[in-house]
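Here the structure comes first, spelled out in structure tokens, and everything after it is commentary.
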Amino acid sequence: MRCLFVQTAVDTPLDNYFDYRWTGDDDAVLPAVGQLALVPLGKREVIGLIVAVSEQTEVPPERLRDVIALRAQIPPLPETWMALCRFAATYYQRPLGEVALPCLPKKLREQKPLALERALKKLAQASSASAEPSVATSEAPMLNPAQQQAVDALADANGFTPILLHGITGSGKTEVYLQAAARRLAQSPEAQILILVPEINLTPQLEAGIRARFPAVPVATLHSQLAETERLRHWLAAHLGQAKIVLGTRLAVLASLPKLALIVVDEEHDPSYKQQEGLRYSARDLAVWRANQLGIPVVLGSATPSLESWQHAQTGRYRKIELSERAVQDAALPAIRLLDSGRNQLTDGMTAALMAAIKARLERGEQSLLFLNRRGYAPVLSCDACGWVSNCPRCTAFMVLHLSERKLRCHHCSLEMRIPRTCPTCGNVDLQPLGRGTQRVEESLQSHFPQARILRIDADSTRRKGSAQAAFEAVHDGEVDILIGTQMVAKGHDFQNLTLVGVLNPDTALFSHDYRASERLFAQLMQVAGRAGRSAQKDGSQSEVLIQTRYPQHPLFAALKAHDYGVFAAAVLEEREQAGLPPFCHQALLRAEAKELQDALAFLQQAAQLVAPESVTINDPIPMALTRVANVCRAQLLVESASRPALQAFLREWMAALRAMKTRVRWTLEVDPADI
Ligand code: ADP
Ligand code: ZN
Ligand code: ZN
């Protein structure tokens, strides 16, 4: 009979570990650091992560409880993974248990290990069966010299090698990832490769590409739409080292990958790499940290890199490799034209030039894409007679008109109500939709081009599981003439027959309170423009991007027209440096929520009183731009420093003080906040 004491991290907001006693006769299943164990916690039984094992303990025996069961069916989580979680916990100022345990599949954290045992059995069967045939295989194309340089750099890298792959849209970045992966796997068949993509909808296309290229290599996907049993199986395949290529969205960066040898972060600038609740981590930043820890290469790919990564490339911290031409022969970048929507008459929100361009595409049998980042029919319903507008009763926001569902819907708190027949204030029967969303544009296009096959893709049209994939396939298969969509359609897709992109109304993002808005707009427009002209046109004609704006003189558009990200980035970086904004300073944001705004502000005011070192600036508390959501008022306090270590040291002390304040106000701290 052996008796050992283990310390476990559990998923609670408490910043400490719990000690348990373990006794057993079987020396084959001793507890180990990194192992999971079922332990009692209050009246519950939960899965904890063992962080220390020892032969003694200082905890008095009457306070020690017993481990209920060890999860010895699987190997302990590797030390490198534990270190990743410890780093994330420290850097983002959260307890380890709250970081490490939510990374694990739900089914692994169940009290009974039934699902685990079933999944292990399935995996054992799969690995003894020969590789699945039945996929159409694809041959690797000859790389162009720039692609070859990138692949060589990745495959021959020794030690930590961060590479920024700045490649214009359609320059063949995916091919670089695939061939670098092939080289790594050829060098060491044990190796695991992690490929991160920003959007779930991009995984089926890429997964099919990977399977076709590597028919014999086990591939696992990890994203939030997997069913729980699938997620468990895929996670285990990664943890056991069976899956050699792991493709996933941001959460995959926290997977256990004992043989990780190469990391790819595609579209590294994308805001969805930032988790917006719970542990607010940046998957891109953690990917770079992981590569550094393991001494392996990491490639950050983008046509419009984040200014943080761009700056690292300028200062030489990252190696920059440029792909400045489209990979497909004779596929040319589209011509970008601005249509002045202030001077030209609009019909249903569209200029005559845009209508004519769509018509020409229909006649030639080519596809058009209209981009409008606003779903619903109209953003507001209003009464001309008395000035009533469809405010959400619970938020400082309008309720959006969704005509096809016959609802007003708040996009912030999800409140729905029936569309009023008459004005709630004055009884006027003639209520007017103001502005336009994707549904309204779809309707107008249908009336102008009744013969065209029109498809709308946005969060509303793709609610059902699998419907987004079906919609994208319809576009790829040529079953659609005009595609209208939100940012969902802007990313990554390699549409072959698309020769026109129309951008309806990008203007609000030009003048936002958020200093990152123009960076995001530029990336979004470059990305959506990049959907056009991805293959050579038979008649040699160039594809077009038409942008309707009231501000055609805005400098952002000049850089966009020249397809020159470098010019845009240089200008924005200079502004940021002068204003002392990221990447020239480091920030953390304390947010507070309360029924009354003044309570949230008062809490922040108190938090601001705590003394900070000179190198750290605490700004004044302010209400958030969207002050009230679901009847909760929100305020924020920004903390800044030119020195990351100084900020980190301050945050540690500050968090301890804030936790000791025992307020009723709900608060969260976000390190490196994305939206301010
Ligand atoms: P990106 O991710 O840079 O936007 P993709 O990787 O989607 O670009 O590549 C665009 C197109 O170019 C794809 O159809 C791809 O198959 C093709 N392609 C990539 N590399 C080559 C190459 N070396 N020769 C021919 N075609 C290529
Ligand atoms: Zn009215
Ligand atoms: Zn609301």
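Note down the magnitude of the dipole of the range 511-601 about its Cα centre, charges +1 on Lys and Arg C-beta and -1 on Asp and Glu C-beta and zero elsewhere, to the nearest 20 debye. Don't skip to the end; give the middle numbers.
Numbers: 10 positive and 11 negative charges, 81 e Å.
Dipole magnitude for the range 511-601 comes out near 380 debye.
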Positive-pole candidate from Gln598, Gly172, Ala360, dipole of the chain, charges at beta carbon: Gln598
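Within the range 580-640, which trypsin sites (Lys or Arg not before Pro) sit in a loop by DSSP and count at most 15 neighbouring Cβ atoms inside 10 Å? Please report the intermediate quantities before stating the final value.
Details: sites: Arg591, Lys595, Arg628, Arg634; in loops: Lys595.
Taking the range 580-640 and a limit of 15 other Cβ atoms within 10 Å, the loop trypsin sites (Lys or Arg not before Pro) found are Lys595.
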Would you mind telling me the share, in percent, of accessible area of the range 320-437 contributed by carbon and sulfur at probe 1.4 angstrom? 46 percent
Which cross-chain or sequence-distant (5 or more) residues have an amide H under 5 Å from the amide H of Leu41, H modelled 1.01 Å from N in plane? Val46
Under the rule of at least 5 residues apart or a separate chain, name every residue whose amide H is placed under 5 Å from the amide H of His411. Val400
Just name one of Asn144, Leu257, Leu116: the one whose Cα is farthest towards the positive end of the charge dipole of the range 113-266 (beta-carbon charges, Lys/Arg +1, Asp/Glu -1). Leu116
Got the relative contact order for the range 551-644 handy, in percent, Cα pairs under 8 Å and 6 or more residues apart? 30 percent
For Val572, what accessible area in Å² do you get when you roll a 1.4 Å probe over the heavy atoms of the protein chains, rounding to the nearest 10? 10 Å²
At 0.36 nm per residue, and after removing the present C-alpha to C-alpha distance, how many nm does the segment from Gln451 to Ala630 gain when stretched out fully? 60.1 nm
Helix 283-294 against the longest principal axis of the chain: what's the angle in degrees, Cα atoms only, rounded to the nearest 10? 40 degrees
Return one number: the angle in degrees, 0 to 90 and rounded to the nearest 10, between the long axis of the Cα atoms of helix 565-579 and the longest principal axis of the Cα atoms of the chain. 70 degrees
Quick one: ranking Met399, Met488 by accessible area, 1.4 Å probe, largest first, what do you get? Met488, Met399
Report the charge-dipole magnitude of the chain in Debye, nearest 20, computed about the Cα centre from +1 at each Lys and Arg Cβ and -1 at each Asp and Glu Cβ. 1280 debye
Set the Förster distance to 30 Å, then compute FRET efficiency between Lys112 and Ala212 from the Cβ-Cβ distance, nearest 0.05. 0.15
Ranked from the most accessible area to the least, with a 1.4 Å probe and all protein chains present, what is the order of Glu110, Glu544? Glu110, Glu544
Given Lys43/Lys595; Lys173/Lys320; Lys259/Lys465, the pairs whose alpha carbons are separated by over 24 Å: Lys43/Lys595; Lys259/Lys465
Residue-normalised accessible area of the chain, given per residue in Å² at a 1.4 Å probe: 45 Å²
Using θ = phi - 60° and the Karplus curve 6.51 cos²θ - 1.76 cosθ + 1.60, what whole-Hz ³J(HN,Hα) does each residue of the range 173-183 get, with Gly and Pro shown as x? 5, 4, 4, 4, 4, 5, 6, 5, 4, 4, 5
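Suppose R0 equals 56 Å. What FRET efficiency, 1/(1 + (r/R0)^6) with r the Cβ-Cβ distance, do Ala140 and Asn391 give to the nearest 0.05?
After rounding, the FRET efficiency stands at 0.50.
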Check which residues have an amide H placed less than 5 Å from Ser382's amide H, if you skip close sequence neighbours. Gln432, Leu434
Local electrostatic count, Ala89, Cβ distance below 14 Å [Lys/Arg +1, Asp/Glu -1]: +1
So how exposed is Tyr17, as accessible area in Å² (1.4 Å probe, rounded to 10)? 100 Å²
Using a 1.4 Å probe and counting only protein heavy atoms, arrange Glu139, Glu363 so the residue with the most accessible area comes first. Glu139, Glu363
With x for Gly and Pro, the residue-by-residue ³J(HN,Hα) of the range 457-468, computed from phi through the Karplus equation 6.51 cos²θ - 1.76 cosθ + 1.60 at θ = phi - 60° and given in whole Hz, is 10, 8, 4, 6, 7, 10, 5, 5, 4, x, 6, 5
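The values are calculated or read from the model by the stated rules, or taken from the named source; none is laboratory data. Quantities reported herein were computed from a predicted structural model and do not represent experimental measurements. All Cβ positions, glycine included, derive from the backbone under ideal geometry; neighbour counts span all protein chains shown. Only protein heavy atoms, including side chains, enter the accessible area calculation; ligands, DNA and RNA are left aside. Shrake-Rupley method; radii C 1.70, N 1.55, O 1.52, S 1.80 Å.
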